[in-house]
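The values are calculated or read from the model by the stated rules, or taken from the named source; none is laboratory data. Every value quoted in this text rests on a predicted model; they were computed, and no experiment measured them. No Cβ is skipped: glycine too gets one built from the backbone with ideal geometry, and neighbour counts run over all protein chains shown.
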Amino acid sequence: MIAEKMKNMVANSSAIRAMFEEGNRLASIYGPENVFDFSLGNPNVPAPEAVKKAILELLDESDPVVLHGYTNSNSGYADVREAVANSLNERFGTKFEGKNIVMTVGAAGGLNVILKTLINPGDEVIAFAPYFGEYRSYTNNYDGVLVEISPNTVDFQPKLDEFEQKITPKTKAVIVNTPNNPTGVVYSEETILKLAAIMEAKQKEYGTDIYLISDEPYRELVYDGVEVPYLTKYYDNTIVGYSYSKSLSLPGERIGYLVIPDEVKDSADVQSAANVATRILGFVNAPTLQQKVVAKCLNEKTDISFYDRNRETLYNGLTECGFECIKPEGAFYLFVKSPIADEKEFCAAAKKYNILIVPGSSFACPGYVRLAYCVSYETIVNSLPKFKELSKEYF
């Protein structure tokens, strides 16, 4: 008999993964060129050539026993952590050192490490809807309580008035994700300043420490010159989780990092605990080869012009069909208003045209659907006549 906690997790298993598996099934029946799968945020742009070069160089030049062995610290190779810190300092004017970096098994691994480090049973973690649905599972892993802030469907900036009301003495952490999955919205500097001020005031009011966790796998995927604020500069108790899954198109390699600045309350204890959490959660350390690879590729970027073309084509095509959506500023998702109240029914209708989209209820925002446009340009173009047929059922 499986654990009671797992029963709920299985019952609420990711709708995104389920839709992706359905896409594979339909592709085997109708052919992949006739299935328009917008379910999974799996980058279709290849990794930069420098990644391949780095892997080959490392395999050629390194001592294989060292390269494939455990790291001396569970937090990762010292030289890699120092390189990451220096890169961040150059880009954002920060003053990090290697000790402030913990190499992680992607952003998901990093979030689990920091939540394991911080959360006691019953502690509250706040997330702004719409949010990546796994935040609930990650919080539940450590018997925390996820508190939702309802979505602001005007511009999808966080509802800060509701946020202020829902902070309690039990609030231990606040998760923000910008650029946002599923909306593609970038939280403005004005939003971040107000959010930080609220958190500072609440810390003083309750005499507690409230940690801001910035989940940043999409930081490099922004368009039209939009800038993403670096949150450690706005609020001392900020911890950053990053992944190379999107910035270098390496989702399957599971490599990222946490930034735990010295300004964080009891930073040395938090850094030490995160190092131990990495081990006791079973990661032991982040993949050693990939640590060395990303250290060689810190200035490399995926060519996001491919995503930008997809963004423009899909956004323009859907709005011309009569669908409503906010134009994304970052990431590679389009969050579209369902033409009917029950967005799951709309997803089912889309499937009749071999269009696979994810219901907004998976992101705590019913009435909307998410499309991941990190697909081939041909998929975008060929899907639009099908969206036109679908739209005729509603407009």
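Among the residues of region 91-108, what is the count of those that are part of a helix (DSSP H, G or I) and surrounded by fewer than 24 Cβ atoms within 10 Å (Cβ to Cβ)?
Taking region 91-108 and keeping what is part of a helix (DSSP H, G or I), we get 91-92, 98-100, 106-108.
Next, from what is left, pick out any that are surrounded by fewer than 24 Cβ atoms within 10 Å (Cβ to Cβ): 91-92, 98-99, 108.
The total comes to 5.
Scanning region 25-56 for residues being over 22 Å from the mean Cα position of the chain (by Cα) and over 11 Å from Leu289 (Cα atoms) gives a total of 16. Of the residues contained in region 148-155, none is found to be touching an Asp or Glu at 6+ places or on another chain (Cβ under 9 Å), closer than 29 Å to Tyr70 by Cα, at pLDDT 95 or above and in the same structural domain as Gly184 (by TED's automatic domain parsing). For region 138-156, name all the residues that are surrounded by fewer than 20 Cβ atoms within 10 Å (Cβ to Cβ) and either more than 13 Å from Ala173 (Cβ to Cβ) or without any contact (Cβ under 8 Å) to a residue 24 or more places away in the chain (or both). Asn140, Asn141, Asp143, Leu146, Glu148, Ser150, Asn152, Thr153, Val154, Asp155 - these are the residues of region 138-156 that are surrounded by fewer than 20 Cβ atoms within 10 Å (Cβ to Cβ) and either more than 13 Å from Ala173 (Cβ to Cβ) or without any contact (Cβ under 8 Å) to a residue 24 or more places away in the chain (or both).
Given region 12-88, what helices (runs of 4 or more DSSP H) lie entirely inside it while holding 2 or more residues that are touching a residue at least 40 places away in the same chain (Cβ under 8 Å) and buried (at least 20 other Cβ atoms within 10 Å of the Cβ)?
Values: elements: 15-30, 49-61, 64-67.
Qualifying helices (runs of 4 or more DSSP H): 15-30, 49-61.
Considering each residue of region 17-73, count those that are of a type in the set (Phe, Trp, Tyr), within 30 Å of Leu298 (Cα to Cα) and either in the same structural domain as Phe387 (by TED's automatic domain parsing) or touching a His at 6+ places or on another chain (Cβ under 6 Å) (or both), and give that number. Of the residues in region 17-73, 1 are of a type in the set (Phe, Trp, Tyr), within 30 Å of Leu298 (Cα to Cα) and either in the same structural domain as Phe387 (by TED's automatic domain parsing) or touching a His at 6+ places or on another chain (Cβ under 6 Å) (or both).
Residues in region 172-205 that are out of contact with any strand residue (DSSP E or B) (no Cβ under 7 Å at 6 or more places or on another chain) and under 12 Å from Glu216 (Cα atoms): Thr178, Asn180. Only one entry of Glu343, Glu329 meets the criterion of being within 21 Å of the chain's Cα centre (by Cα), under 30 Å from Lys159 (Cα atoms) and charged (D, E, K, R), and that entry is Glu329. Cβ separations smaller than 8 Å between residues 6+ apart or across chains give the following pairs from region 297-310 residues that are under 18 Å from Glu378 (Cβ atoms) to residues that are surrounded by fewer than 16 Cβ atoms within 10 Å (Cβ to Cβ) and hydroxyl-bearing (Ser, Thr, Tyr): Phe306/Tyr377; Arg309/Tyr377; Asn310/Tyr377. Under the condition of being in contact (Cβ under 8 Å) with a residue 24 or more places away in the chain, surrounded by fewer than 21 Cβ atoms within 10 Å (Cβ to Cβ) and either in contact with an Asp or Glu (Cβ under 6 Å, 6 or more places away or on another chain) or in a loop (DSSP other than H, G, I, E, B) (or both), the residues counted in region 109-128 number 3.
For region 244-270, a residue qualifies if it is farther than 11 Å from Val113 by Cβ and more than 20 Å from the chain's Cα centre (by Cα), and the qualifying residues are Pro261, Asp262, Glu263, Val264, Lys265, Asp266, Ser267, Ala268, Asp269.
One line per residue, one yes/no per condition, for (1) surrounded by fewer than 18 Cβ atoms within 10 Å (Cβ to Cβ); (2) of a type in the set (D, E, K, R):
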| residue | (1), (2) |
| --- | --- |
| Asp224 | yes, yes |
| Ile255 | no, no |
| Ser272 | yes, no |
| Thr288 | no, no |
| Ala295 | no, no |
| Asn299 | yes, no |
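Does Ser391 fit the bill of being of a type in the set (S, T, N, Q), closer than 18 Å to Leu40 by Cβ and surrounded by fewer than 22 Cβ atoms within 10 Å (Cβ to Cβ)?
On the way: of a type in the set (S, T, N, Q): yes; closer than 18 Å to Leu40 by Cβ: no; surrounded by fewer than 22 Cβ atoms within 10 Å (Cβ to Cβ): yes.
Here the answer is no, as Ser391 does not meet what is asked.
Remark: pairs (first residue in region 206-228, charged (D, E, K, R); second residue modelled with pLDDT of 95 or more and surrounded by fewer than 16 Cβ atoms within 10 Å (Cβ to Cβ); Cβ separation under 7 Å; 6+ apart in sequence or on different chains) = Asp209/Lys265.
Kindly establish whether Ala83 is over 24 Å from the mean Cα position of the chain (by Cα), at pLDDT 95 or above and over 30 Å from Thr153 (Cβ atoms). If you could, list the steps in order and put the result at the bottom.
Working: over 24 Å from the mean Cα position of the chain (by Cα): no; at pLDDT 95 or above: yes; over 30 Å from Thr153 (Cβ atoms): yes.
Judged against the criteria, Ala83 is not a match.
Taken over region 276-310, the residue count meeting the criterion of being out of contact with any Gly (no Cβ under 7 Å at 6 or more places or on another chain), farther than 14 Å from Val45 by Cα and not in a helix (DSSP H, G or I) is 7.
Pairs are defined by a Cβ separation below 8 Å, a sequence spacing of at least 6 or placement on different chains, a first member in region 342-362 that is part of a helix (DSSP H, G or I), and a second member that is among the aromatic types (Phe, Trp, Tyr); the pairs so defined are Glu343/Tyr368; Gly360/Phe335; Gly360/Tyr368.
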